[in-house]
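See below for the structure under consideration.
The values are calculated or read from the model by the stated rules, or taken from the named source; none is laboratory data. Computed from a prediction, not measured in an experiment: that's the story for all the values here. When we count neighbours, we look across all protein chains shown, and the Cβ atoms used for this are built from the backbone with ideal geometry, even at glycine. The accessibility values were calculated without ligands, DNA or RNA, using every heavy atom of the protein model including side chains. Shrake-Rupley method; radii C 1.70, N 1.55, O 1.52, S 1.80 Å.
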Amino acid sequence: MFRSLRERNYRYYASGQVVSLTGTWMQRAAQDWLVLELSGGSPAALGVAVALQFLPTMLFTLYAGVIADRFDKRRMLILVQSGMGLCGVALGLLDVGGLVELWQVYALALALGCFSAFDAPVRQSFVVEMVGAAQLSNAVALNSMTFNLARIVGPAVAGGLITAVGTGPVFLINGLSSGAVVLGLLLMDTARLHRAAAPDGKRGQLLAGLRYVSGRPELILILSLVFCVSTFGMNFENAFAVIARNVFDRNAAGYGLLITALAVGTLTGASLAARRAGGRPRLRLVFGGAAAFGVLESVASLMPGYRTFALALVPVGIAVMTCTTAANSTVQLTVDPAVRGRVMGLYMMLFLGGRPLGGLLSGWLAEVFNGRAPLLIGGAAVALASLAGAGVLARRSTGLPAGPG
């Protein structure tokens, strides 16, 4: 399960990620709670914050993929992670000083989103440089395990800290935690990186990457499904904040425990993915996992009590992680290494770029109907999209041809 950790560079990277991602999830929980407090509990205001944080992904991630293919990914990550840490420190200082206003939270969420837009494709395409193609599936699954371990610890710790000392210190902790990733990147042995030859500097590299994807119908279907899953089904944090506060009348600690319950499931799903990683990617895991996720999310939204709702989130987490981990490794293992950065830029644009729409839609549904509506309707949309995609694949071929690397 942990074979990718034999690579020294990946060990440094993963160790830093555990610390930094824990801080990231602490900030995410604190930011959502702070927006609700500053706005008087408005789901629409929370939707705006989510939209601003993910809007830059739609605008910049494709170009970040071109940059990832052309320049040193390690150095880029050092710069981007430093910028993300400064955003957390700035918001923490404003909050601790009693100066924070809603527009400032919005502005810093937008700034953080700009850094994240460049971080995502670079980080995703850097994984194969650390471990090589043979270990890529396992490393992707371990990344998911790291992410979800932080997702368990971060919100739970944040909920307790928010209740005890407020949101400000949480932002400061996150800002400082980015230093762990930067340190891990600085300690790497660059001679051990599996670097692909950089494309030439001619213009049109972005269009070349898009043309590559347009010639792969199965790849288009996977990317379309990823967009639907992320946009309509994965608005967990803002939906949980509204459900905890407005439906079940819980405090910040109760909100953090809902995210932790989901993360127990996603960590389990990532662990299963790490154990089965290797060999030919299977499309049934992508589309079957998405269908199961949609159905389970809709069912969870109907749970009558706080405890039953929290328990229902565990299988939701397993299903969504099965789908997204399989989709990520399938895309990376079946594309030409020379265009991997650009393809992953498109992947991350679709995976994260739909969040502004999803955040606004989630806030609107909760405002007009009730706090359960975003999960109920979003889950149904994901289930329908997965069935439609599987139907198209059934009429074509049953497998995805393996590409170079």
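Taking all protein chains into account, the per residue accessible area for region 204-266 stands at 32 Å² (1.4 Å probe).
From the Cα gyration tensor of region 312-361, with a ≥ b ≥ c the square roots of its eigenvalues, which class applies: rounded if a/c is under 1.5, or else prolate if a/b is larger than b/c, or else oblate? Oblate, because a/c is 1.5 or more while a/b does not exceed b/c.
Shape class for the chain, computed from the alpha carbon gyration tensor (a ≥ b ≥ c): oblate, with a/c not under 1.5 and a/b at or below b/c. Net charge around Gly359, counting only other residues with Cβ within less than 15 Å of its Cβ (Lys, Arg = +1; Asp, Glu = -1)? Summing Lys and Arg as +1 and Asp and Glu as -1 gives -1. Taking label points 7 Å from Cα along the Cα-to-Cβ direction, Leu86 and Asp336 give a separation of 3.7 nm. Extending 7 Å from the Cα toward the beta-carbon at both Leu206 and Ser224 defines two label points whose distance is 2.4 nm. Largest accessible area first, the residues Arg340, Arg211 order themselves as Arg211, Arg340 under a 1.4 Å probe with ligands, DNA and RNA left out. Would you work out which of Ser301, Thr266, Gly359 lies farthest towards the positive end of the dipole of region 253-359, given +1 charges on the beta-carbon of Lys and Arg and -1 on that of Asp and Glu, about the Cα centre? Sorting the options by dipole projection puts first Thr266.
Just how far, in whole angstrom, is region 43-69 from region 295-358 if you go by their alpha carbon centroids? Cα centroid to Cα centroid, the span is 17 Å.
With the simple spin-label model, which puts each label point 7 Å out from Cα in the Cβ direction, the Leu99 to Phe71 separation comes to 3.0 nm. Of the whole protein surface, Ile67 contributes about 50 Å² of accessible area at a 1.4 Å probe radius. By the helix-only formula, in which each DSSP H run with n ≥ 4 contributes -39500 (n - 2.57) and the sum is divided by residues, the chain has a 222 nm mean residue ellipticity of -27000 deg cm²/dmol.
Shape class for region 80-152: prolate, because the ratio a/c of the largest to smallest gyration tensor axis (alpha-carbon atoms, square roots of eigenvalues) is 1.5 or more and a/b beats b/c.
Note on region 1-74: Cα-Cα pairs beyond 14 Å make up 75% of the total pair count. Roughly what % of Cα-Cα distances in region 290-405 sit above 19 Å, to the whole percent? Here the tail beyond 19 Å accounts for 59 percent of pairs.
Taking Ser20, Ser329, Ser214 as the candidate residues, the one with maximal mean-square fluctuation in a Gaussian network model of the chain, Cα springs under 10 Å, is Ser214. For Ile377, the shell of other residues with beta-carbons less than 15 Å away shows a net charge of -1, using +1 for Lys and Arg and -1 for Asp and Glu.
Across Val182, Val153, the residue with the most accessible area heads the list, and the full order at a 1.4 Å probe is Val153, Val182.
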